[in-house]
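I have placed the structure first, in the form of structure tokens, so that the comments after it can refer back to it.
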Amino acid sequence: MAGTATSDTSTAREQVHTLERSPARTDTTIAASLPESRRYRLKRVLLGPPLVSDELHGQRLGKPTALAVLSSDVMSSSAYATEEMLRILVPIAGLAAFAIVTPMTGAILGVLAVVTMCYRDVVRSYPKAGGSYVVSRDNFGPNVAQVAGAALLISYTITVAVSVAAGADAIVSAAPALGHQAWIPVALSVAFVVLLAYGNLRGIREAGRVARKAAGDLPHQPPHQGTIPLGNSTGGLILGVSAFFLLRAFANGSSAMTGTEAISNGVSVFRAPQARNARTTLVLMSTILGVMFLGVSVLAALTHTIPFTSGTPTVVSEIGTLVYGSGSGGRVLFYSLQIATAVILILAANTSFTGFPFLVSFVAEDSFLPRKLTVRGHRLVFSNGILLLAGASIALLLATEAKVSALIPMYAIGVFTGFTMAGAGMVTHHLRHREGPWRQRVVINAIAAVVCAVVVVVFAVAEFTQGAWVVVVVMPLLVYALVTMNREYRSEDAVLEEGAAAEAYEAKVLRRHVVVVLVDRIDLATARAIQYARALTPDDLRTVHFNIDHKRADLLMARWQRLGLSRLPLDVIDCPDRRLGRATLELAAELADGETEVSMLLPRRSYGRAWRRILHDQTADRIVEIVSQLPHVNATIIPFHLSGGVREHGNDLEQALLSDPGGSAATAPAAGPAKKRDEAVVFPRVPGTQPISSLHWRTRARVAGRVKSLRVQTMSDQPTLEAVLDDGSGEAITFVFLGRRSIAGLHSGTRMIAEGMVGKHKGRLAIMNPSFELLNPESGER
């Protein structure tokens, strides 16, 4: 036995090796031979070859690259944060504003230090995916977390708009002639968004490269035409500035901190050890921001740089002009500064293009956003999130005409709401887990939460009329939309999951299977659908044409007979109101009798070229949506791709249609209870006739009504024409005309009177070879 087993094993191994050496086509060669769509080929050209999931680790970032990709937003804020403070202070305090701006910058950097410590704690506690959304979800529940989610969605979108608008201002400041046309800054901003979206669609690693420099001396900048009016500073440093305007200036300057959360949201893009690298990068980012922000504020204070009403030239460009002078060398340095500033500002939007897709993927995983946002695209990035962000930010730029001063009031509310939620969430986290120096961490996070909440309130009140009202209104609506979407997802899941196992394994298997192919015309698409129908080996295979045009129906029937298709009967069903969806629904309801599984196959022609698609409707899709509401009715679209190679299959039509339909029993068209439509046709009673519902077997009857459907088929090797008559009484009767393929004037929809002996044909009431009269469809006369 052992020897036999060994021999069998050796034989099996030889068979395996033989299979491995077989020259037959492999899965790889089959896949390589399959055609690719034009859309995919274009995507491959634009974005490069696709990255497989195993290459995701190759998209991880080291600290220097991560600093460029994730920190450009918060660093670039220093280019406009000081200017936004001066826009509030200069008209009120005059020259005293320049004495206030530096201490106020120091106060903002104090808040930055607290927020940085808070987010270092977030990264420590949530090393895979942090940010205020995840922290809020884990500590306050998913519904409350949507406040943070909505705030971050808004702030990321505004970040893109502010950054590219400020970048466009930097370019216009270097080339003032561009500012003469208002549409140029808008066009530049939109172009930058498109460029950044394209770069991010290609992959994370290709999204960030940046450089910086500065130097010079410090003369004062006198007021110019177009600058903000200089207020009166008499009476001391602070006397001319109310607390309200100080708070407004502080809130505007706090925009320098936007983007601080990006690293905690993007921990997963770092190389291992991810948490440690992310925390180190966060500290580097905050330090660089502090130096740059404080440096700009100090230079602005020393040079008395006054912002322009139009936004250009910017404060940074004015400082550059004063520092570098007007000599040739100075101009070179000035343009270098402006180019570097523009590049940093534009790339700052890249922070959002990295953080936003991760954020929406987190929210979508929790079923508060469409789940397609969780899918990685061609280059292992969340492509749908990138496109969504690009579209929203472009819309915002167009609405505000790319004005930074119009965007800033909407900016910080969302950002600091996120900071507040993160701090409060971490307080709850440490009070619950009490690990390590938890008391110290509770204090730090509580301070961060309170300070950021104060900034939110200040911003909402102080800037409400300047544009902050948009965020104040939109954020609650967005939270409501997110929660509503989640409720819908949960209700759908509950319906779909309830009894799923029982339905799959314990539900009754219906004993009959009827397949119906809907025929619009005889072509290769119809042939393919019939081929597939035959492969299903149903108990009953039917082809049905709904007659909405008598002439077209007659031509179809004539061609069906000419091709010799009588072995596969064609039912032509009248559809006087041309509601194809309703007619299909009624047919399906008649066939689905509780013991029958119904499959309805709809041929659909797919056209490769876009201009061809507009020549054809999508009736099949609408019919599928309508009939799928019935139990045990399965609607399937059978696609046929129309391409240049169609001629190679020129004989497929007749081969498919003329071949044996698999022995399926061809039965009469459905003549069961007639389902009345909303606009049911009422047939006037013809004197001397009986309602079909009152007929009995083996009695002579005279009936009148409308021909509901026609079928041409063979019966004992001779042609047979079958017509189903409906008189609106709730029943129908079949007329069988032996030896006939057609009768002049008899179509689906024809009104007629017929008389004969009532019998049965295929289980239904029928009259064989009745005498009949056709009625005028308008007058009802014979």
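The values are calculated or read from the model by the stated rules, or taken from the named source; none is laboratory data. All values derive from a computational prediction rather than experimental measurement. Virtual Cβ from ideal backbone geometry, glycine too; neighbours counted across all protein chains shown. With ligands, DNA and RNA removed, areas are computed over all heavy atoms of the protein, side chains included. Shrake-Rupley method; radii C 1.70, N 1.55, O 1.52, S 1.80 Å.
Placing a pseudo-label 7 Å from each Cα along the Cα-to-Cβ vector at residue 298 and residue 276 gives an inter-label distance of 3.4 nm.
The string of couplings for segment 327-332 from the Karplus curve (6.51, -1.76, 1.60, θ = phi - 60°) is x, 4, x, x, 5, 4 Hz, one whole number per residue in order, with x for Gly and Pro.
Residue separation of residue 198 and residue 472 scaled by 0.36 nm, minus their Cα-Cα distance, works out to 95.5 nm of gained length. Measuring r between the beta carbons of residue 291 and residue 480 and using R0 = 60 Å, the FRET efficiency lands at 0.90.
Residues 475, 426 ordered from highest to lowest accessible area at a 1.4 Å probe: 475, 426. Solvent-accessible area of segment 244-398 (1.4 angstrom probe, protein heavy atoms only): carbon and sulfur portion equals 71 percent.
Give the peptides 734-741, 508-515, 721-728 in descending order of average Cβ contacts within 10 Å, highest first.
Values: 734-741: 17.9, 508-515: 14.8, 721-728: 23.8.
Answer by packing, highest mean first, reads 721-728, 734-741, 508-515.
For segment 581-595, 3J(HN,Hα) computed residue by residue from phi via the Karplus equation (6.51, -1.76, 1.60; θ = phi - 60°) reads x, 5, 4, 5, 4, 5, 4, 4, 5, 5, 7, 7, 9, x, 10 Hz, glycine and proline entered as x.
Using Cβ point charges alone (K and R +1, D and E -1), the dipole size of segment 353-469 about the Cα centre works out to roughly 380 debye.
Packing-based ranking of 76-83, 314-321, 359-366 yields 76-83, 314-321, 359-366, ordered from highest to lowest mean Cβ neighbour count within 10 Å. When a/c reaches 1.5 or more, the comparison of a/b and b/c decides; with that in mind, is segment 348-479 rounded, prolate or oblate per its Cα gyration tensor? It comes out oblate by the Cα gyration axes.
Between residue 549 and residue 563, the contour length at 0.36 nm per residue exceeds the alpha carbon distance by 2.9 nm. Applying 0.36 nm per residue to the separation of residue 628 and residue 511 and subtracting their alpha-carbon distance, the gain on full extension is 40.1 nm.
For residue 382, the residues whose amide H sits under 5 Å from its own are 377, ignoring neighbours fewer than 5 places away on the same chain, with H placed 1.01 Å from N. Taking a ≥ b ≥ c as the square roots of the eigenvalues of the alpha carbon gyration tensor, segment 448-488 is oblate, as a/c is not under 1.5 and a/b does not beat b/c.
Model label sites at residue 776 and residue 578, defined 7 Å from Cα along the beta-carbon direction, differ in position by 2.5 nm.
Could you look at segment 721-782 and say what percent of its accessible area is carbon and sulfur, using a 1.4 Å probe and all protein chains? That share works out to 44 percent. As a fraction of the 1.4 Å probe accessible area of segment 104-197, surface on carbon and sulfur atoms comes out at 73 percent. Ordering 553, 491, 468 by Cα displacement along the dipole of segment 456-565 toward the positive end leaves 553 in first place; charges were set at the Cβ atoms of Lys, Arg (+1) and Asp, Glu (-1).
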